[in-house]
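Structure first, then comments.
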Number of protein chains: 2
Amino acid sequence: MSELSALSVSAFLNAVRSPNPTPGGGSAAALAGAMGASLLAMTAGLPKSRAATEEDAARLRAAGDRCGQFAAELEALIDRDSAAYNLVMSAYQKPKGTDEEKAARSAAIQAAMREAIDAPLAVMRACADAAEQGVVVAALGNPSASSDAQVCLELLAAALRGAKLNVEINLGSVKDAEYAAKIRAEVLELERAMRAHG
Amino acid sequence: MSELSALSVSAFLNAVRSPNPTPGGGSAAALAGAMGASLLAMTAGLPKSRAATEEDAARLRAAGDRCGQFAAELEALIDRDSAAYNLVMSAYQKPKGTDEEKAARSAAIQAAMREAIDAPLAVMRACADAAEQGVVVAALGNPSASSDAQVCLELLAAALRGAKLNVEINLGSVKDAEYAAKIRAEVLELERAMRAHG
C-alpha cells in the first residue's frame, strides 16, 4: 500500500481493522497528529481573534501557516511509517543460509530499523512543534474556539506518545548503542517539550 | 457535508484545515476514537495470542468483535457530530423578530444543543467501552502487538477527552438543569471508567 492518505476515511479505518500489520499504530498516530495540526491551522484562521496589534495578528498567521505545514508533514508520515514497517518485514525475510547472507540480512534489518525509528521520531517532532504553535493559537486565536484548540493538544499529545511507543519498540532491535542513546535523549526532550505546551 | 467518512483521508484533513467550522474538534475526536477501536480489533485478531484455553480465545474474539462494532459507531459519529454543529448554527440563525419567533428559535437551539451534546457523549461512551475491551486484548492478545494496544488506549483517551470538551462547551447553553446535571454525572463516570482502563 503506497498512498494511505488517498484512501477514504472509511477504507483507511477498514485497513487498520484488517489483519494486515500495516497501517498500524504508527500510521494511526501520524493521522491523529495531522488532525491536531490541521485543527490548529483552522483555529488560527478564524475571525474575531484576540490579536490586538498588527504584530500579534502576524504572529497568529505565522503560527497557523506553520501548523498547516506540520499537518502536511504528518499526513506524509502516515505512509512513511507503514512503508518503514514493511521494509523491516522484508529485511527479516531475507535469506540467512550463508555467513554472507546473514551479514547482508543483519545490515538490511539495521538499516530498516533506522527508518522505522526515524519515521515515528519525525511524527514526535512535528507534534511537539505544532503544540508549540498551539500555545500562540490558544493565546491569540478566537476565544470561542478554545475547546477546539484543547482537542488539538489532546490529539497531538496522544500522537506523540503513540509514536514514542513505536520508536522505543524498534530501538530494542538497534545494535548501534551511540545512535540509540542519541535517539533516547531526543525522545525525552520531545516529551518534555510536549508537556510544557500541554 | 453529509458523508465525511467517504472523503479521502487527505481531503478530510483539508476540510478540517479549511475555515469552515465543520468538521471540527468533535469529528476529529470521533475519528481518533475510531482509529483506536479499529487498531484494537486488528490486534485482537492477530495470531500467536496469549489465550491458553478455548474460553480465553472466545473472550479475545468477543473483545475484538465488540471493538469492531465500536469502531463502526465512532466512524458514524464523525458525521453525526458535524451535523449536530450545523443544526446548532441553523437554530441560531432563525428569526427573532416576534415573541413567537423568539420562543421557536430558543426551542430549536435547545433541541440542537441536546444533539450537539448527545453526539460527543456517544463518542465518550464508545471510547470508554472500547478501552474496557482493550484490557482484554492487552491481556490475551499477541504480546508483540502490545505497543499497538497502548497506542489504541492513547487514542481512545484523547478522543474521550476531546469529546468531553465539546459536551461541556455545549452544556453551558442548556437551560434544563436536571438534564445538564444528569449529563455531567455521566461525563464524570465515563472519565473515571477511562482512567481505570488506561
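Step through the table entries A:Lys96/A:Lys175; A:Lys48/B:Lys182; A:Lys94/A:Lys175; B:Lys94/B:Lys182; A:Lys48/B:Lys94; A:Lys94/A:Lys182, compare each Cα-Cα distance with 24 Å, and write down the pairs that go over it. Walk me through the numbers on the way to the answer.
Working: A:Lys96/A:Lys175 18 Å; A:Lys48/B:Lys182 34 Å; A:Lys94/A:Lys175 18 Å; B:Lys94/B:Lys182 28 Å; A:Lys48/B:Lys94 22 Å; A:Lys94/A:Lys182 28 Å.
Over 24 Å Cα-Cα: A:Lys48/B:Lys182; B:Lys94/B:Lys182; A:Lys94/A:Lys182.
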Phi to ³J(HN,Hα) by Karplus 6.51 cos²θ - 1.76 cosθ + 1.60 over region B:124-130, Hz, x for Gly, Pro:
4, 4, 5, 5, 5, 5, 5
Computed magnitude of the charge dipole of region A:73-132 (debye, nearest 20; Cβ of K, R +1, Cβ of D, E -1)
400
Cα-based convex hull, region A:5-94, per residue volume (Å³, whole number)
99
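Where the accessible area of the protein assembly as shown is counted over protein heavy atoms with a 1.4 Å probe, how much of it, in %, is carbon and sulfur?
Values: 9090 of 17110 Å².
Carbon and sulfur together cover 53 percent of it.
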Range of Cα positions in region B:53-198 per principal axis (Å), largest first
69, 25, 24
Select the chain A residue whose beta carbon lies nearest to the rotation axis carrying chain A onto chain B, and write the distance in whole Å.
A:Ala158, 2
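For region A:29-69, what is the Kirkwood hydrodynamic radius in Å, using each pair of distinct C-alpha atoms?
Evaluated over region A:29-69, this radius sits at 10.6 Å.
DSSP loop (so not H, G, I, E, B), at most 14 other Cβ within 10 Å: list which trypsin sites (Lys or Arg not before Pro) in region A:54-98 pass both filters.
On the way: sites: A:Arg59, A:Arg61, A:Arg66, A:Arg80, A:Lys96; in loops: A:Lys96.
Answer by residue number: A:Lys96.
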Across A:Ala41, A:Ala145, A:Ala157, the residue with the highest GNM fluctuation in chain A (Cα network, 10 Å cutoff) is A:Ala145
Tell me, what HN-Hα J-couplings in whole Hz come from the Karplus equation 6.51 cos²θ - 1.76 cosθ + 1.60 at θ = phi - 60° for each residue of region A:90-103, using x for Gly and Pro?
4, 4, 5, 7, 5, x, 9, x, 9, 4, 4, 4, 4, 5
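In debye, nearest 20: dipole of the protein assembly as shown around its Cα centre with unit charges on the Cβ of K, R (+) and D, E (-)? If you can, show how the numbers build up before the last one.
Working: 40 positive and 48 negative charges, 66 e Å.
With Lys and Arg at +1 and Asp and Glu at -1, about 320 debye.
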Here the averaged projected area of the protein assembly as shown, based on the convex hull of its alpha-carbon atoms and given in nm², is 21.8
For the pairing of chain A with chain B, what total accessible surface becomes buried, with a 1.4 angstrom probe, in square angstrom to the nearest 100?
3600
Tell me the distances, shortest first, between B:Glu101 and the same position across the other copies, using label points 7 Å along Cα→Cβ, in nm to one decimal.
8.3
Rounded if a/c under 1.5, otherwise prolate or oblate - region B:38-137, Cα gyration tensor axes:
prolate
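Leaving out ligands and nucleic acids, note down the accessible area per residue over chain B with a 1.4 angstrom probe, in whole Å². All intermediate terms of the calculation are to be shown ahead of the outcome.
On the way: 8550 Å² over 198 residues.
It amounts to 43 Å² per residue over chain B.
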Whole-angstrom gap from region A:1-32 to region B:123-173, using each part's C-alpha centre:
18
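Which value in deg cm²/dmol, rounded to the nearest 500, describes the helix-derived mean residue ellipticity at 222 nm for the protein assembly as shown, given -39,500 (n - 2.57) per DSSP H run of n ≥ 4 and division by the residue count?
Estimated from H runs of four or more residues: -28500 deg cm²/dmol.
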Do any residues of region A:11-60 lose at least 40 Å² of accessible area when the full set of protein chains is present rather than just their chain alone, and if so which, with a 1.4 Å probe?
A:Leu13, A:Val16, A:Arg17, A:Gly25, A:Ala28, A:Leu31, A:Met35, A:Ser38, A:Leu39, A:Met42
Projected onto the charge dipole of region B:1-98 (unit charges on the beta-carbon of Lys, Arg, Asp and Glu, signs +1, +1, -1, -1), the Cα from B:Val16, B:Leu39, B:Leu60 with the largest positive-side position is that of B:Val16
Charges at C-beta only: +1 for Lys and Arg, -1 for Asp and Glu. How large is the resulting dipole of region A:1-153 about its Cα centre, in Debye rounded to 20?
300
Have a look at region B:124-173 and report residues whose accessible surface goes down by 40 Å² or more when the remaining protein chains are included, against the chain on its own, probe 1.4 Å, ligands and DNA/RNA excluded.
B:Ser147, B:Val151, B:Glu154, B:Leu155, B:Ala158, B:Arg161, B:Leu165, B:Ile169
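The values are calculated or read from the model by the stated rules, or taken from the named source; none is laboratory data. Everything numeric in this text was worked out from a predicted model, so none of it was measured. Positions of Cβ are backbone-derived with ideal geometry, glycine not excepted, and every protein chain shown enters the neighbour counts. Ligands, DNA and RNA are excluded from the accessible area calculation, which covers all protein heavy atoms including side chains. Shrake-Rupley method; radii C 1.70, N 1.55, O 1.52, S 1.80 Å.
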